[in-house]
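Novice: First, the structure itself, so that you have it in front of you.
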Amino acid sequence: MRAAQSAHLLAPSEPACGGEADTGFMRYLGIDVGKKISRIGLGTWQFGSREWGYGDAYAGGEAHAVVRRALELGVTLFDTAELYGFGRSERILGQALGEDRETVFLATKIFPVVPVAPVVEQRAVASANRLGVQRLDLYQVHQPNPLVRDGTIMRGMLALQRVGLVGEVGVSNYSLQRWQAAEAALGGRVLSNQVRYNLADRSPERDLLPFAQAHGRVVIAYSPLAQGLLSGRYSRDSRPGNRVRAANPLFLPENLERAGELIAALRGVADAHAATPAQIALAWVLHHPAVVAIPGASSVGQLESNAAAAEIDLTDGEYQALQEASDRFRPIVGPAALPHLIRARLGR
Ligand SMILES: NC(=O)c1ccc[n+]([C@@H]2O[C@H](COP(=O)([O-])OP(=O)(O)OC[C@H]3O[C@@H](n4cnc5c(N)ncnc54)[C@H](OP(=O)(O)O)[C@@H]3O)[C@@H](O)[C@H]2O)c1
């Protein structure tokens, strides 16, 4: 770590959106969008969504505390979506941010079921109302519509930008080709593409990261901890029990066993930094300058640990060792994982 050798030593609070490019241990993107974008953000799919199973006590209490602590630690990037808990996540986040809603960089997403301009405009207003803001700093298309190209949705986005309801436009789960096509349709910059990026899935390295770096765009890494796998907390004998991870092949007993070497490599680097495997997994994601990460958190402690990872600088040797351990991790995924998922579901 840069300033402190302890993973849990927290820097004094800084105002969310003022001051220098780096405050305390938080670091910010060097991109000018009028507000600072912290390199570690907060993902809020967990807020009020049944599939994570954190329950009402979390949605009504801990989630609020997580957001307030994130603000104290200099986190400015908050990610939600109209889909998460069918609007509950946006509501919980908006309430927890309170007056700070206007100073942070708030990102939400539209799920493009009917991707035509009037619907886009109406959905944006609904999201802004749930969040309690006048303006969505980043409005993202949650995933590409497989049947309809982006001309119509981007017409809606442009109209929203013109009236000031939307600052930046983003996409999510887009290929490079479709990201570029979305930019052409918008006639301007589509700032970011939010995609899965972690040591167990490095596909964005192929073309999204080089494009983002060369053109001043941003890759927002979701599931940067591979939904908790990279924390090293789970094993064949201790698997997480919620719907999200029951459907994620990475948490198959066979894959948890295969992940052992990668987790051991993370532990090795973590020991050298007095950090945790989860923090090193985040530091690895942030090693690329065009990336910001939005880990979710089930507790204030996790949020604190994740925010502190922003200051960890990996050496070239450490980065390389993690790349190699990741190369050797060959989980069962795709169609081959289906029978395993069914067997695991049936408890066999
Ligand atoms: N655009 C998209 O299609 C898309 C898809 C997925 C996610 N996202 C966004 O990305 C965000 C993050 O992705 P994600 O939630 O899928 O995965 P993630 O951030 O990799 O994993 C989050 C989970 O990891 C565990 N965790 C977090 N911090 C930890 C720490 N310091 N130590 C140990 N365990 C820790 C927690 O689960 P436990 O404590 O229960 O183990 C937490 O719920 C979401 O909230 C959402 O905003 C977007």
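The values are calculated or read from the model by the stated rules, or taken from the named source; none is laboratory data. Computed from a predicted structure; not experimentally measured. Methodologically, a virtual Cβ is constructed for each residue, glycine included, from the backbone with ideal geometry; neighbour enumeration extends over all protein chains shown. Calculation scope for accessible area: heavy atoms of the full protein, side chains included, ligands and nucleic acids excluded. Shrake-Rupley method; radii C 1.70, N 1.55, O 1.52, S 1.80 Å.
Novice: Probe 1.4 Å, all protein chains in place: accessible area of Trp45 in Å², nearest 10?
Specialist: Surface open to solvent at Trp45 totals about 70 Å².
Novice: Quick one: which of 166-173, 324-331, 115-122 comes out on top by average Cβ neighbours within 10 Å, and what's the full order, highest first? Let's see the in-between values first.
Specialist: Numbers: 166-173: 23.5, 324-331: 14.6, 115-122: 17.2.
Per-residue Cβ counts within 10 Å, averaged per peptide and sorted highest first, yield 166-173, 115-122, 324-331.
Novice: Starting at the first residue of the range 314-323, write each ³J(HN,Hα) from the Karplus equation 6.51 cos²θ - 1.76 cosθ + 1.60 with θ = phi - 60°, in whole Hz, x for Gly and Pro.
Specialist: 7, 6, 4, x, 5, 4, 5, 4, 5, 4
Novice: Summing -39500 (n - 2.57) over the DSSP H runs of n ≥ 4 in the chain and dividing by its residue number, what mean residue ellipticity at 222 nm do you reach, to the nearest 500 deg cm²/dmol?
Specialist: Result for the chain: -11000 deg cm²/dmol, rounded to the nearest 500.
Novice: Now, a different point. Which residue, Ala281, Ala212, Ala247, has the most motion in a Gaussian network model of the chain that connects Cα atoms within less than 10 Å?
Specialist: Maximum fluctuation in the GNM of the chain, among the listed residues, is at Ala247.
Novice: Now for a separate question. Taking θ = phi - 60°, what integer Hz values does the Karplus form 6.51 cos²θ - 1.76 cosθ + 1.60 yield along the range 208-213, in sequence order, with x for Gly and Pro?
Specialist: 5, 5, x, 5, 4, 5
Novice: Rounded, prolate or oblate: which one fits the chain, using the alpha carbon gyration tensor with axes a ≥ b ≥ c (rounded when a/c is under 1.5, else prolate when a/b beats b/c, else oblate)?
Specialist: rounded
Novice: If R₀ is 45 angstrom, what is the calculated FRET efficiency for the pair Val163 and His340, using the beta carbon separation as r and rounding to 0.05?
Specialist: 0.35
Novice: Quick one: compute the contact order of the range 74-212, relative version, from alpha carbon pairs under 8 angstrom and 6+ residues apart, as a percent.
Specialist: That works out to 20 percent.
Novice: Here is a further query. Taking the Cα centre of the range 104-203 as origin, sum charge times position over the Cβ atoms of Lys and Arg (+1) and Asp and Glu (-1), and report the length of that vector in debye to the nearest 20.
Specialist: With only Lys, Arg, Asp and Glu charged at Cβ, the dipole is about 60 debye.
Novice: Also, I was wondering about something else. For Ser175, enumerate residues with amide H under 5 Å from its amide H, sequence gap 5+ or separate chain, H modeled in the peptide plane.
Specialist: none
Novice: Glu257 to His287: extension gain in nm, 0.36 nm per residue of separation minus the Cα-Cα distance?
Specialist: Numbers: separation 30, 0.36 × 30 = 10.80 nm, distance 2.67 nm.
Length gained, Glu257 through His287: 8.1 nm.
Novice: In debye, nearest 20: dipole of the range 219-348 around its Cα centre with unit charges on the Cβ of K, R (+) and D, E (-)?
Specialist: In debye, rounded to 20, the range 219-348 gives about 940.
Novice: In whole percent, and with a 1.4 Å probe on the protein chains, what portion of the accessible area of the chain is carbon and sulfur?
Specialist: 51
Novice: Okay, next question. Which one of Ala124, Asn306, Leu338 is farthest out on the positive end of the charge dipole of the chain, using unit charges on Cβ (Lys, Arg +1; Asp, Glu -1) and the Cα centre as origin?
Specialist: Leu338
Novice: Under a 1.4 Å probe, what is the accessible area of the chain per residue, stated in Å²? Don't skip to the end; give the middle numbers.
Specialist: Values: 14710 Å² over 348 residues.
Roughly 42 Å² per residue, with all protein chains present.
Novice: Roughly how big is the chain's charge dipole about its Cα centre, with Cβ charges of +1 (Lys, Arg) and -1 (Asp, Glu), in debye to the nearest 20?
Specialist: The calculation lands at about 1160 debye.
Novice: Ok, one more. Can you work out the Karplus-derived ³J(HN,Hα) for every residue in the range 154-160? Use 6.51 cos²θ - 1.76 cosθ + 1.60 with θ = phi - 60°, whole Hz, and x for glycine or proline.
Specialist: 6, 4, x, 4, 5, 4, 5
Novice: While we're on this one: Compare the Cα positions of Leu209, Ala274, Val148 along the charge dipole of the chain (+1 at Cβ of Lys, Arg; -1 at Cβ of Asp, Glu; about the Cα centre) and return the one farthest towards the positive end.
Specialist: Looking along the dipole axis, the top candidate is Val148.
Novice: Moving to a separate point now. With unit charges on the beta carbons (Lys and Arg positive, Asp and Glu negative) and the dipole taken about the Cα centre of the range 178-250, which residue among Val218, Ala246, Trp179 sits farthest to the positive side?
Specialist: Going by the Cα projections, it comes out as Ala246.
Novice: Counting DSSP beta bridges in the chain, what percent are antiparallel, to the nearest 5?
Specialist: 15
Novice: If you don't mind, there's one more thing I want to ask. Modelling each spin label as a point 7 Å along the Cα-to-Cβ direction, I'd like the Val125/Leu147 distance in nm, to one decimal.
Specialist: 2.6
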